[in-house]
There are 2 protein chains.
Amino acid sequence: MSSIREVARRSGVSVATVSRVFNAPEVVSQRTRQLVLATAAEVGYLPNESARTLATKKSHMVGLVWDTDHRRPGWRHPFFQDILVALKSALSAHGLHLLMLAPDQTPGLDDRQRFLRAVQRHSVDGVVIIDNGSRDPAVLALVDAAVPCVALDLRFTGPTCTHITSDNAGGGRLAATHLIERGHRHLATITGPPPTLPAAERLAGFRDALTEAGLPLADDDVVAGDFYLDSGYAAMQRLLARDPRPTAVFAAGDEMAVGAMKAIHEAGLRIPADIAVVGFDDIEVAALIPPGLTTVTQDKTGFGTAAAEAVMTMLHGAATPPAPTTLPTTLVVRGST
Amino acid sequence: MSSIREVARRSGVSVATVSRVFNAPEVVSQRTRQLVLATAAEVGYLPNESARTLATKKSHMVGLVWDTDHRRPGWRHPFFQDILVALKSALSAHGLHLLMLAPDQTPGLDDRQRFLRAVQRHSVDGVVIIDNGSRDPAVLALVDAAVPCVALDLRFTGPTCTHITSDNAGGGRLAATHLIERGHRHLATITGPPPTLPAAERLAGFRDALTEAGLPLADDDVVAGDFYLDSGYAAMQRLLARDPRPTAVFAAGDEMAVGAMKAIHEAGLRIPADIAVVGFDDIEVAALIPPGLTTVTQDKTGFGTAAAEAVMTMLHGAATPPAPTTLPTTLVVRGST
DNA sequence: CGCGTTGATGTAACCGGTTACATCCGGCTC
DNA sequence: GAGCCGGATGTAACCGGTTACATCAACGCG
């Protein structure tokens, strides 16, 4: 691994000149530049990122803070993979690397400091936060410390922070109007965990559309789940016990919708003849499970690319963080309605 | 961001002593150690990883090489997320970070060098390779360069390399014996793309079990897919045209199995009454799609933790890489058989 | 008492880059 | 011809750690 001094020596110039060839080629003369490039290629020189980071305090790495909630180890939003793919390739295109941070392990350390310290130790340029909605103090510490960060599916804001979310309310509204158009008058919904924002927003949109259509939404027709399959199953069982029974249900997440469908089938009812179902997310299963789940699509790739762009504008020294992005949601109609 | 010299000055010791407090606490006296730790906490000192890496040439980062095949952008094995979760948490537990490497973007660079250069620039300690089986020369270059690496689902070997695979042959065998036990005598299979190793191994195991049972496997009862859903659908259509029709089919991947099930349903046949189906992988859909897909489970978490362990033993300076690991496969019986 | 040993600490070189500032030189203007 | 300008390059300090080696005091021992 030859160093910059080696290249300088071999080509008979100073280290500063070699450095310039790679960082500001325009200021060095044509001849010298080519000479240096030739010897660099010859000896297989490549700049050492650590040294570079040490000197410039820019690491060209974006930190990924993810899965911070120990109570739910291995949290996996079904989107995660799609988002990650998009994020990674958008960053790669700009020469940025993605560092999945392990929280700082120092014993006896205040938990809130763990991510912040990992970020600072590595001189990470910016941070992307994918969290399950819990307002983890370790994550909040990042905001306070003025680290440029962009949060996904989470309404973080701050002088150095922005966020990307789906149009959850719009999606809830889409679901409601679709069901109303199909002639349903008695709707119910399975929401996400109440404290989380996506859950609240989807419900609000859904409710608004009903109100506008002059339809009621009884308290008993709103049941909370936790976004996972089993909770959808359980919630649906409660809804099936209602009298009169709702003729359509909107589940604020596809996993819960699938659970609900299972409960409906087990009760000997047909979808959509007896009960129509609309989900939210459009995960892979939605298209595969018969009769096909009508659902509100989130733009997973959009999350990734928008996050990458937001990070990059912040890195390029924008005085204020870019405005939050709201990604449009659309309805995909399948057999369940 | 206070530096080590700041801490040294404030506590009236030399920088070497401060460094020792963090790297070799046992050699510094109890009193000094506590003094230094106190001032460090007071001024919020944290060691700069870049400086440290520069000096020691160990970065405490493991590189992740993934999705190297441009012809299939966003390659996503359904396991990826599970593996990644396990890998990341196993590494985190040992204070290692995971760097998702972007290939070196230098224009005019030999493609084979792109990953190797990214690895070397960042002084990454080791590399985990998750690839789709194509023997990408950019990945092979890592092996040649003696970077410690562990490949997943890929039989890479070398003086500094090891790999983790599932017991594919055993899994194929499991599928076959299960179907035979269920009374089937005319079996067919949808394989993965022939050049890939998992495809070949699963087929071999399947075939062996048939041979041992004295059952034939006609060439026309072996159809190749590409591990994705549509190929399973198309392959199944060809199998349905056979006369006599096979009564059971083993798809070497769940996505293909789901595609096959779709083709079977569309042909007006019932599963498992008319045709039984066994898959491989045990992805989420397998349990959700009616009547439930019997499938061979791979140990996704095992991939992640085994990879982490292999990397760590190599980092701890083992002379030879750990022996390749083969993860056991098991059969999960559901409604499709 | 002199000497080797051991434990705690300090000194300073080194890792491999970046960059502010200085220097040099040829060409232009007046 | 003096003075100025600007482009190309060199010098050297600096980023923040690690570590080989030196130093020194205290101790045990013959």
Item checked: Potential lengthening between A:A55 and A:E212 on full extension [0.36 nm per residue; Cα-Cα distance subtracted] -> 50.5 nm
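Could you compute the net charge surrounding A:F303? Neighbours are other residues with a C-beta less than 9 Å from the C-beta of A:F303; K and R count +1, D and E count -1. Please report the intermediate quantities before stating the final value.
Details: positive: A:K300; negative: A:D82, A:D153, A:D299.
So the surrounding residues net to -2.
Pull up the DSSP beta bridges for the protein assembly as shown and report the antiparallel fraction as a percent, rounded to 5.
Values: 11 of 79 bridges.
Antiparallel bridges make up about 15 percent of those DSSP assigns within the protein assembly as shown.
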Checklist line | Ratio of Rg to Rh over the protein assembly as shown (Cα coordinates, Kirkwood Rh, two decimals) | finding: 1.02
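Can you pull out the trypsin sites (Lys or Arg not before Pro) in segment A:260-329 whose DSSP state is coil and whose Cβ has at most 13 other Cβ atoms within 10 Å?
Details: sites: A:K262, A:R270, A:K300; in loops: A:R270.
In loop regions of segment A:260-329 (DSSP not H, G, I, E or B), the sparsely surrounded trypsin sites (Lys or Arg not before Pro) are A:R270.
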Checklist line | Backbone N within segment A:1-39 under 16 Å of label point (7 Å from B:D110 Cα along the Cβ vector) | finding: A:1-2, A:38-39
Item checked: Within straight-line cross-link reach of A:K58, lysines at Cα separation under 26 Å, skipping those fewer than 8 residues along the same chain -> A:K88, B:K57, B:K58, B:K88
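Computed on protein heavy atoms with a 1.4 Å probe, what is the summed buried accessible area for the chain pair A and B, in Å² to the nearest 100? Mind dumping the intermediate values first?
Working: alone 16230 and 16190 Å², together 27950 Å².
Between A and B, the summed buried area is about 4500 Å².
On the protein heavy atoms, probe 1.4 angstrom, tell me the percent of accessible surface of the protein assembly as shown carried by carbon and sulfur.
Values: 14980 of 27950 Å².
Carbon and sulfur: 54 percent of the exposed surface of the protein assembly as shown.
Within the P(r) computed for segment A:4-47, what percentage of the Cα pairs occupies the region above 17 Å? Don't skip to the answer; put the middle values down first.
Values: 126 of 946 pairs.
Summing the P(r) of segment A:4-47 above 17 Å gives 13 percent of all pairs.
Find the accessible area per residue for segment B:168-297; the probe is 1.4 Å, ligands and nucleic acids are left out, and the unit is Å².
Details: 4940 Å² over 130 residues.
So segment B:168-297 comes to 38 Å² accessible per residue, rounded to a whole number.
In peptide A:118-124, what is the residue-averaged number of other protein chain Cβ atoms found within 10 Å of each Cβ? Walk me through the numbers before you get to the answer.
Details: counts 5, 0, 5, 9, 9, 5, 1.
The mean count of partner-chain Cβ atoms within 10 Å per residue comes to 5.
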Notebook entry, point to check: Out of B:A38, B:S11, B:A24, whose Cα points farthest toward the positive end of the dipole of segment B:4-47 (charges: +1 Lys, Arg; -1 Asp, Glu; placed on Cβ)?
Noted result: B:S11
Next item on the list: Report the one residue of A:P290, A:L174, B:L84 whose Cα lies farthest in the direction of the positive end of the charge dipole of the protein assembly as shown (charges on C-beta: Lys and Arg +1, Asp and Glu -1; origin at the Cα centre).
Entry: B:L84
Notebook entry, point to check: Do you know which residues of segment B:274-317 lose at least 20 square angstrom of accessible area in the protein assembly compared with their chain on its own, with a 1.4 angstrom probe?
Noted result: B:E284, B:V285, B:L288, B:I289, B:P290
Next item on the list: Please work out how much length the chain gains when fully extended from A:A16 to A:Y228, using 0.36 nm per residue of separation minus the C-alpha to C-alpha distance, in nm with one decimal.
Entry: 70.6 nm
Item checked: Euclidean distance of C-alpha centroids, segment B:87-113 and segment B:193-224, integer Å -> 36 Å
Notebook entry, point to check: Given +1 on the Cβ of Lys and Arg, -1 on the Cβ of Asp and Glu, and no further charges, what dipole in debye does segment A:169-215 carry about its Cα centre, rounded to the nearest 20?
Noted result: 120 debye
Check: Using 20 Å as the cut-off for backbone N distance, which residues of segment B:231-254 belong to the label zone defined by a point 7 Å from the Cα of B:H265 along Cα→Cβ?
Finding: B:231-241, B:248-254
Next item on the list: Provide the net charge surrounding B:L54, with neighbours chosen by a C-beta distance below 13 Å and charges set as Lys +1, Arg +1, Asp -1, Glu -1.
Entry: +3
Next item on the list: Enumerate the whole-percent occupancy of each 10 Å bin, from 0 to the last occupied one, for all C-alpha pair distances of segment B:121-248.
Entry: 12, 34, 26, 17, 9, 2, 0
Check: Three principal axis extents, largest first, for the C-alpha atoms of chain A, in Å?
Finding: 89, 45, 34
Notebook entry, point to check: Check B:S2: other-chain or 5+ apart residues with amide H under 5 Å from its amide H, H built from backbone geometry?
Noted result: B:L46
Check: Can you give the alpha-carbon Rg of segment B:258-337 over 2.2 N^0.38 Å, where N counts its residues?
Finding: 1.59
Checklist line | Within chain A, helix-based [θ] at 222 nm, where runs of 4 or more DSSP H residues each add -39,500 (n - 2.57), nearest 500 | finding: -13000 deg cm²/dmol
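The values are calculated or read from the model by the stated rules, or taken from the named source; none is laboratory data. Quick caveat, the model's predicted, so the values are computed rather than measured. Cβ: placed from backbone, ideal geometry, glycine included. Neighbour counts: every protein chain shown. Accessible surface areas use protein heavy atoms only, side chains included; no ligands, DNA or RNA. Shrake-Rupley method; radii C 1.70, N 1.55, O 1.52, S 1.80 Å.
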